[in-house]
Amino acid sequence: MSNRPSASANERTQVVSQMFSRLVPHYDRMNRLMTAGRDGRWRRLAVEAAQPGDARVLDLGAGTGDLSEEFRRAGARQVVSLDVSGPMLVRAREKYGAERIDWLQGDALHLPFADEAFDAVASAFVLRNLPDLAASLEEMARVLRPGGRLVGLDITHPPDTPWGRILRLGFEQGVTRIAGLVSGDRSAYRYLPNSLTGEPTADALSAMLEAAGLVEVSYRRLSMGAVALHTGLASSRSP
Ligand SMILES: C[S@@+](CC[C@H](N)C(=O)[O-])C[C@H]1O[C@@H](n2cnc3c(N)ncnc32)[C@H](O)[C@@H]1O
């Protein structure tokens, strides 16, 4: 199957990229507020799941670099931090410099790397932004060496419980308000709660990871179900 992005996928990626580029000055503060300060812990759990010691790691959709920095701290040999938004990467580099981190502009649908180039591929809060998630997952699997780990951390559909329904309401109602207050750009972050609509449930995302060729796929819910941390291993390729 071709991984060449379609015109409409390219257009949607550009819209998402421009939105995140506008949010750069406010992005970190909004993250802390919208997650009640939990996002740092979630990223550390994602890094632990990727087992990065001495590994070459791809941080896909690196944004302002917080996950990349966690990988560097955890001993990754090299972190390649890719994002479609140039301004996001400029900010990330200002925050963390470039020792053992390569900041690179590019698109998840069309990764500029050879097959099996990485020991681990991770993304935090990116998957639901991708216009063709199945094709992007195939790209992520392609650049993993056999046995390498894929880790995906993202907001997910909360479970269908009373608490889950409260979480969903909070996400749908609260996020836009907080983001609007902090950034003055309500329209941009109105996109966020909508970005969950139509996205796969945690179980469906597991099935998509398996369809992309990963094995031993599993996930755990964090923070009472609002966030899911998926992991899988790249299988050996047939000759
Ligand atoms: C919600 S931010 C997450 C940033 C960072 N991973 C974090 O943990 O804070 C989503 C990031 O994904 C990037 N992104 C969106 N679509 C992308 C694509 N198709 N390819 C690469 N990056 C993309 C955005 O530019 C943005 O920086």
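Taken together, the values in this text are just the output of simple stated rules run on the coordinates, not laboratory data. Since the structure is predicted, the reported quantities are computational estimates derived from the model, not experimental observations. Cβ placement follows ideal geometry from the backbone for every residue including glycine, while neighbour counts extend to all protein chains displayed.
Key figures
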quantity	calculated
Counting DSSP beta bridges with both ends in the chain, the antiparallel % (nearest 5)	40
Centre separation in Å (Cα based) which lies between region 52-108 and region 120-161	16
For the chain, average projected area of the Cα convex hull in nm²	12.0
Neighbourhood net charge (9 Å Cβ-Cβ; Lys/Arg +1, Asp/Glu -1) for VAL143	-1
Gaussian network model of the chain, Cα within-10 Å springs - most flexible of GLU99, GLU172, GLU199	GLU99
Mean Cβ count within 10 Å, highest first, over the residues of peptides 10-21, 75-86, 110-121	75-86, 110-121, 10-21
Amide hydrogen neighbours beyond the local backbone of THR201, cut-off 5 Å, H modeled	none
